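**Q** Got a structure for you, questions after.
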Amino acid sequence: MTGRRNPFRVVESGESVTGPSKSVKPLTVTEAASLGSARDVYVAMRDRIAVAVENPNTPARDLAALTKRLAETIKEIEAIDARADQEVGGDVEVADGEFDASAV
């Protein structure tokens, strides 16, 4: 997708690394779908579903489906994060040992 927001930047010398800024406005589902990544869409959906689940005016008949979808959405976000962690971890350099031909 073009127009993706890149949440990463180079940390300047003397600057400390911190988590995401709380002042950044979260994307709506529509904004995430048009500007963001799949993870951004799932995060926006999670937040929107959570609002509906907490709303006392949400019909009781809808709560089961909403809570199920909320749990599924959270699992999707965790799966995306796990894949990203594996990709980052794949670049670890391991020292080679001596080759033992008799072990083959």
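The numbers here are math on the coordinates, done by the rules we state, and not lab data. This one's a predicted model, so the numbers in the text were calculated from it and none came from an experiment. Note: ideal-geometry Cβ built from the backbone for every residue, glycine included; neighbour counts use all protein chains shown.
**Q** Can you put ASP40, ASP85 in order, fewest other beta carbons within 10 Å first? Don't skip to the answer; put the middle values down first.
**A** On the way: ASP40 20, ASP85 10.
By the 10 Å Cβ count, ascending: ASP85, ASP40.
**Q** Report relative contact order for the range 29-90 in percent, whole number only (criteria: Cα-Cα under 8 Å, sequence separation at least 6). Write out the running numbers ahead of the final one.
**A** Numbers: 31 pairs, mean separation 20.7, N = 62.
In percent, rounded to a whole number, it is 33.
**Q** Would you mind checking the radius of gyration and Dmax of the range 29-90 based on alpha-carbon positions, in Å?
**A** Cα radius of gyration and Dmax of the range 29-90 are 13.8, 47 Å respectively.
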